[in-house]
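A quick write-up on the structure given underneath.
The values are calculated or read from the model by the stated rules, or taken from the named source; none is laboratory data. None of the values given here were measured: they were computed from a predicted structure. Glycine also receives a Cβ, built like all others from the backbone with ideal geometry; neighbour counts cover every protein chain displayed.
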Amino acid sequence: MPTLNLITNVKIADPKAFALEFSKFGANTLNKPEKYISVIINYNETLTFSGSFDPAFSLRIDSLDNINAEVNEKYSKAFAGFFKDKLGIPDDRGYITFIDPGRDNMGITFKHIKYENLFIYLFSSFLVFVMSNVIGSLISAATDTKKVRDLQSNIISTSNASEITTDHGVKISDTDTWLKVTNSQGTGPSLLEDQIAREKIHRFDHERIPERVVHARGAGAHGYFKVFDDSAKKYTFAPVLTDPSRTTPIFIRFSTVQGSRGSADTVRDVRGFAMKFYTEEGNWDLVGNDIPVFFIQDAIKFPDIIHAVKPEPKNEIPQGQSAHNNFWDFVSLQPESAHMVMWVMSDRGIPRSYRMMQGFGVNTYTLINEEGKRVFVKFHMTPELGVWSLMWDEALKIGGQDPDFHRRDLQEAIDNGVYPKWAFGIQVIEEQDEHKFDFDILDATKIWPENLVPVQPIGEFVLNRMVDEYFPEVEQVAFCTSHVVPGIGFSDDPLLQGRNFSYFDTQITRLGINWEQLPINRPICPVMNHHRDGKMQHRITTGLNYWPNRDGVGHPVHPSNGGFKEYAQRMEGIKQRARGKKFQEHYNQAQLFYNSLSQIEKNHLASAITFELSHCDDHRVYEAYTKLLNNVDFDLAKRVATSVNGVVPDKPAKNNNDQTAPHLSQLDFAPKTPIIATRRIAILVAEGFNLTEVLAVRAALAAAKATTWIIGPRRASVQSSGGGKGLVADYHYEGQRSTAFDAIYIPSGAEHAKSLMANGRAIHWVREAFGHCKAIGAIGEGVNFLDAAINLPEVQYNRSADSDEVVSSYGVVTVGKYSPSSAVTDALTITRGPKGFESNFAYEISQHRCYARELDGLTSKVAF
């Protein structure tokens, strides 16, 4: 059933009348019966595109067979002409996308890249036709920034290279055989004189550089930052934070902390969230994490915490995990880490995606305004999609099934054109209020509770371009907390003070003294100073190399003209190794965090600590930490101690004051309007599935910017009911697992359901998704298979073949009879209730997981 899915920013006076006329035109043009044409219109919406192209409409035509170049041109001209006649839209102001349900006999082959359905739509089985421009130039225009243009001079493409040379430019005639002595009797020795072979081997031997001591495993992307207005001007004169006319290029590197470059993405760990702003005043590096606090208060302890969490030196085990004696020994003896341990052991330690995790500057910085007034500041980055996590069992499995899960997720989203976006906010404390709190605002093991210091959103940033080559960009990018611009400064935060030294120092070890000249690190503003020479110097600088000099060149800049000036801070005290009095309290905020979690999050945190301590075989370690936990929460300490054979307390070591704070639970960040953008839905099929139904459901989910994937018995065409053409599966049952997806949908079809019921792996797909609390949808005979696979009386279904009532039970959405016309009409309405199968299914997907399954004990009854 062809579906015409139109999105336009041109107001349609009478949408219903237009839809009828559009349906008739579509049926006539496509040579299809009018009753088989379905129309979806979303009018008066804003179509945005970062670049010179301003589209007025996007039309997607689903389920059209036998698309080729000739048909492309014919249909495109016809539909573009219709919009020109009826809506007055020029015929070069939109996108038209044709979707072929199969891939047989296609006349044109496109690269299997997916883009947002508003502009260029997705799936390897879809054929894309774009009016008015070519794909490459559109994407380039959309993601172009001053920094991206700056990097172009260093990009060398091999796509047009026809000849190979040595590094010094000599053309090579043979790169496959070492020069050697040979005769008809056999092969003699290889000759050391072969400079071509030597160069090739030498270069290979030296390709690796020292990996980062921490944050070695990472992924990065380019994007841009903009402030909403100049509201921050009362705090700072930094244009990057106050000038809404600017679009500042950024580069972000996400990372894990403990593991090496080859470790898995989904381990339980802190995630790095390092941002480089290429401002017109110089580079500003905000080197943050996905957790707002840290393990230690003073930078002098940094080598100790890292030595403790890294693999144990005797055997280099474990990799990418903190579940070992040394780490838990350290944190049991370092109570200032208690708050951070709560965060890492919570669901925050296993994010669903880089795109679904917060970022924090961690340390306390300062802002200075034009009047010279200083305030203290903390930086917050909050994702548009909400803050979501994996399940622990899921994270463990993905670590083996797809170690690059988070990298791949970031790449897929950006390639699809569904660009990750975060709100950028600040917490501000006036200088005169520094000491009014019961915690020290310079203590990096403490947050500023948002009920006391609200976050003020001042801007947003978007990632819209992946790197061209991993090593020169993601591996060689280098961040320093000491990189600030005028208007932003440092506080006396003792962790920040040490980071300012350490980060610059470690970049010299990895990249050499001239690391800031590397393309990814160099600023987009002019650079001039008297620094010279050093290994790998790239600049050739003429003229004098000192100041003062007789020509007066390379001179200092007065602050009124943009020169950096430190805040005139009054200081007094005694030189001594000591910490402030408020630095001595370690449990109040650990307790605050725990109290603020939902019950399911508390359960997960307790299970995580139990798992970790169960891997410690020294009784002194797990006994010590269960004692420490009693300072956080009595019930938590009892639960963990009982499980790991620790010291079970008989009374609290510290009373719980039951205080809570907002935005500590991840559930506080669920989007106000349910969305399923970028969610991955697996469609489980076998021979004999209902094709019409699948296409309709698929189109509805796609309209909400979710992605769907066909999972079948083989990665080839799977026939639909009645011997129809069917669909080509993206993966076979063994080629992926449910862990790679956010939800599962099982269509109707008697033979299809029977085949699934006889397949153990298909049953495992459903049980595993159920165990991970994911949304599951089923229609018709698919409901019978689902019921048999889960086999729990607590879950309610609609098995009646005559009923189109949608039943939602524990995140399982079923309907016996599917009605395409009514369901497709409400495709973009994501809600629970009488709206139809797609709406209810999409709502359950938008909730991320149905934790009621776990809380009510259902997941423990299913083997997965």
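Observations, loosely collected:
- Listed by first and then second residue, the pairs with beta-carbon distance under 8 Å, at least 6 apart or on different chains, first residue in the stretch 632-645 and closer than 13 Å to SER607 by Cβ, second polar (S, T, N, Q) and crowded, with 22+ Cβ neighbours inside 10 Å, are VAL640/THR626; VAL644/THR626.
- Meets criteria (more than 25 Å from VAL387 (Cα to Cα), crowded, with 24+ Cβ neighbours inside 10 Å and in contact with a Pro (Cβ under 7 Å, 6 or more places away or on another chain)) for GLY836: no
- Residue selection: LYS436 fails the criterion of being over 25 Å from the mean Cα position of the chain (by Cα), buried (at least 17 other Cβ atoms within 10 Å of the Cβ) and modelled with pLDDT of 95 or more.
- Residue list for the stretch 315-352, filter: of a type in the set (Ser, Thr, Tyr) and surrounded by fewer than 24 Cβ atoms within 10 Å (Cβ to Cβ): SER332
- Meets criteria (farther than 20 Å from CYS480 by Cβ, crowded, with 19+ Cβ neighbours inside 10 Å and of a type outside the set (Val, Ile, Thr)) for SER260: no
- GLY543, sole failed condition from (1) within 29 Å of LYS146 (Cβ to Cβ); (2) surrounded by 13 or more Cβ atoms within 10 Å (Cβ to Cβ): (2)
- Residues (more than 18 Å from LEU756 (Cβ to Cβ) and surrounded by 19 or more Cβ atoms within 10 Å (Cβ to Cβ)) located in the stretch 699-727: ALA699, ALA700, LEU701, ALA702, ALA703, ALA704, LYS705, ALA706, THR707
- Scanning the stretch 416-433 for residues that are in contact (Cβ under 8 Å) with a residue 60 or more places away in the chain and either surrounded by fewer than 18 Cβ atoms within 10 Å (Cβ to Cβ) or hydroxyl-bearing (Ser, Thr, Tyr) (or both) yields a total of 1.
- Given (1) assigned to a loop (DSSP other than H, G, I, E, B); (2) loosely packed, with under 13 Cβ neighbours inside 10 Å, index of the condition VAL647 fails: (2)
- Of all residues in the stretch 359-385, exactly one satisfies the criterion of being farther than 30 Å from PRO494 by Cβ and either charged (D, E, K, R) or surrounded by fewer than 21 Cβ atoms within 10 Å (Cβ to Cβ) (or both), namely GLU384.
- Residue that is farthest from ARG203 (Cα to Cα), among those in the stretch 161-190 that are polar (S, T, N, Q) and surrounded by 10 or more Cβ atoms within 10 Å (Cβ to Cβ): THR182
- Answer residue from the stretch 549-603, given it is closer than 30 Å to ARG639 by Cβ and without any contact (Cβ under 8 Å) to a residue 60 or more places away in the chain and is surrounded by the most Cβ atoms within 10 Å (Cβ to Cβ) among those: LYS602
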